[in-house]
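The values are calculated or read from the model by the stated rules, or taken from the named source; none is laboratory data. Here the structure is a predicted model, which means the values were calculated and not measured. A quick note on method: Cβ atoms are made from the backbone with ideal geometry, for glycine too, and the neighbour counts reach across all protein chains shown.
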Amino acid sequence: MKKILSCVVAMMLVLSSVLALAEAPNPGSMVLSSFVHVDPNVANEVLDALKIEDENRKIVEPALAVINAANEKLTIAENGIDYRFFLNDTELLSLAGGMNEEGLILTSSLIPGNALTLSKKTIEVAAAAANLLCEMAASLNTKENLETAVQKDYQVFSPYIEKFLNEIPSALLFGKVEKGDYQILDHSYNTMMPISIDAQILTNAWTSMISEMKNDENVMNLLNILNVSVEEIENIGGIADILPSIHFSVFAVTDASGAETAPDKCLSVSIIQPDQENALVTLNLCVAENLFDAEFYTQANEEGNGISAAVSFIPYNERTNAGGGALALDVDGKYFAVTSAVAPDDNGSAVVLSDAIYVLNSETPLITSATRIEAGEVQKLDLSLGELEAVPIESLCSEEGKDAASDLQTSVLFSGISLLSNATKAVPEVADLIEILTTSGTAEAK
């Protein structure tokens, strides 16, 4: 039974890949090369912060040596894909697959001299079965039923929610426009409009809404079903005690007549406690035609700690092949950040996607990765069997294919041993990593 199940699972995985390959639009030829690098010094800083003892760090150095030597290359051709994995310049693993006139063919350095095949008839049967499952799932109308239930619940509350929301504009009080030089997130503005909130208007609207809801039997029944008491909602109504300490400012660039001359705008929100000069929480949000910047920070406590966050995003530009974004977070002096960017390479022949993750160290990333994407003329993989022995995937799950399956397992085993040998020659630390893992596994077994 286990063998049958494993064969079925294997067939499903292969078939799902085939169906995706068959249905995916052909992007032409494309070559993707990528790597990941982990900085050993920053890694040790992180381990120090986590108070990891030296005895438990033995695996770190050889593991990082392997990770930093690893790189891969994926070629997407007109009729299939070709994948290669390297340690430094040594190729350790290759996988290739695609469709020819007879069906699917898969080759790999793990099964030298062999090629896994899957007939077109099997693929067509699988496609028909997949379509049938989709039709059966659609007939259940699960999504529609859920949407109907949500809409029904919303309709009970919507008259009250909409009535409260309609009161918000009347509670906004716009102050006098002020001219000046304002710098927010490295953006310059010359006009500022303060906005305040008449919290009493919102409090009165909330109190009125709760009072009307108490007299609505449908609302009360639904609250009982949701296990929410009307008193819990009513307690949220102390808006007047909170909102007077929230201040809004809108920044823009205008000419002498007050007309806006640039698409840049910024919204600044400050939450100030009563009898305090400095803002407890500040949020700045700047938006322009080609960028999005935001920052959030809290007032530092007595120890000088607080929380700050910054987000920056430049939308991808198809003409320049460039764009990117960054998210930075500082919590009580502990720094975390993620950056991502896309840009053409130096000679403009490819696009490079780069990412970085910063942990504790704000200058050097812990992890960096890059993927180089190069599009070229349409290529075709050689998917002819040639001297390769065809092994039908369908037969591997049958009694007749037992010997072929055993031979493949043996081939994979010996190829794996050869792979480890080549890996050790390319990166000597692989031997240390294997020894540590083997010793650790033996110790746990005892």
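Within region 97-107, is there a residue that is assigned to a strand (DSSP E or B) and either surrounded by fewer than 17 Cβ atoms within 10 Å (Cβ to Cβ) or polar (S, T, N, Q) (or both)?
Our first condition is that a residue be assigned to a strand (DSSP E or B); within region 97-107, this holds for 97-99, 103-107.
If we keep only those that are either surrounded by fewer than 17 Cβ atoms within 10 Å (Cβ to Cβ) or polar (S, T, N, Q) (or both) too, we end up with 107.
Yes, that holds for at least one residue.
With respect to the conditions (1) more than 21 Å from GLN379 (Cα to Cα); (2) surrounded by 16 or more Cβ atoms within 10 Å (Cβ to Cβ); (3) over 30 Å from the mean Cα position of the chain (by Cα); (4) of a type in the set (A, V, I, L, M), LEU132 falls short on a single one, namely (2). The set of residues in region 108-125 that are free of Cβ contacts under 8 Å to residues at least 60 places away in the same chain and either more than 34 Å from the chain's Cα centre (by Cα) or outside any strand (DSSP E or B) (or both) comprises LYS120, LYS121, GLU124, VAL125. Considering region 46-79, the residues that are within 27 Å of LEU383 (Cα to Cα) and of a type in the set (A, V, I, L, M, F, W, C) include one that is surrounded by the fewest Cβ atoms within 10 Å (Cβ to Cβ), namely LEU74. In region 319-400, counting only strands (runs of 3 or more DSSP E) that sit wholly within it, the ones holding 2 or more residues that are farther than 30 Å from ALA115 by Cα and either within 22 Å of the chain's Cα centre (by Cα) or among the small types (Gly, Ala, Ser) (or both) span 322-331, 334-344, 351-359, 367-376.
For region 172-195, does any single residue satisfy the condition of being polar (S, T, N, Q), modelled with pLDDT of 85 or more and part of a helix (DSSP H, G or I)?
So in region 172-195, the residues polar (S, T, N, Q) come out as 183, 188, 190-191.
The next check asks that each one be modelled with pLDDT of 85 or more; those that pass are 183, 188, 190-191.
Remaining after also requiring part of a helix (DSSP H, G or I): none.
No, there is no match, as no residue in region 172-195 is polar (S, T, N, Q), modelled with pLDDT of 85 or more and part of a helix (DSSP H, G or I).
Can you tell me which residue in region 44-95 is nearest to ASP432 (Cα to Cα), limited to those that are among the basic types (Lys, Arg) and under 27 Å from the mean Cα position of the chain (by Cα)? Quick ask: steps written out before the conclusion?
From region 44-95, those among the basic types (Lys, Arg) are 51, 57-58, 73, 84; that's our starting set.
Add one more test, that the residue is under 27 Å from the mean Cα position of the chain (by Cα), and what stays is 73, 84.
Details: LYS73: 26, ARG84: 24 Å.
If we take residues in region 44-95 being among the basic types (Lys, Arg) and under 27 Å from the mean Cα position of the chain (by Cα), then ARG84 is nearest to ASP432 (Cα to Cα).
Within region 86-96, the residues that satisfy the criterion of being closer than 25 Å to ALA405 by Cα and without any contact (Cβ under 8 Å) to a residue 24 or more places away in the chain are SER94, LEU95. Before we move on, is SER440 of a type in the set (S, T, N, Q), crowded, with 16+ Cβ neighbours inside 10 Å and either over 35 Å from the mean Cα position of the chain (by Cα) or not in a loop (DSSP other than H, G, I, E, B) (or both)? Here the answer is no, as SER440 does not meet what is asked. Tell me which residues, restricted to region 219-264, are assigned to a strand (DSSP E or B) and modelled with pLDDT under 75. Answer for region 219-264, where residues must be assigned to a strand (DSSP E or B) and modelled with pLDDT under 75: there is none.
Just to check your reading of the model, which residue among ASN204, ASN166 is exposed (fewer than 11 other Cβ atoms within 10 Å of the Cβ), touching a helix residue (DSSP H, G or I) at 6+ places or on another chain (Cβ under 9 Å), modelled with pLDDT of 85 or more and polar (S, T, N, Q)? Can you show your working first?
Working: ASN204 fails: exposed (fewer than 11 other Cβ atoms within 10 Å of the Cβ).
One residue alone meets the criteria, ASN166.
Filter region 416-430 down to residues that are aliphatic (A, V, I, L, M) and surrounded by 15 or more Cβ atoms within 10 Å (Cβ to Cβ) and give me whichever is farthest from ILE67 (Cα to Cα).
Of the residues in region 416-430, the ones aliphatic (A, V, I, L, M) are 417, 419-420, 423, 426-427, 430.
Of the ones still in play, those that are also surrounded by 15 or more Cβ atoms within 10 Å (Cβ to Cβ) are 419, 423, 426-427, 430.
Values: LEU419: 16, ALA423: 12, ALA426: 12, VAL427: 10, VAL430: 10 Å.
By that ranking, first place goes to LEU419.
Among the residues of region 310-344, the one identified as among the polar types (S, T, N, Q), modelled with pLDDT under 85 and surrounded by 15 or more Cβ atoms within 10 Å (Cβ to Cβ) is ASN321.
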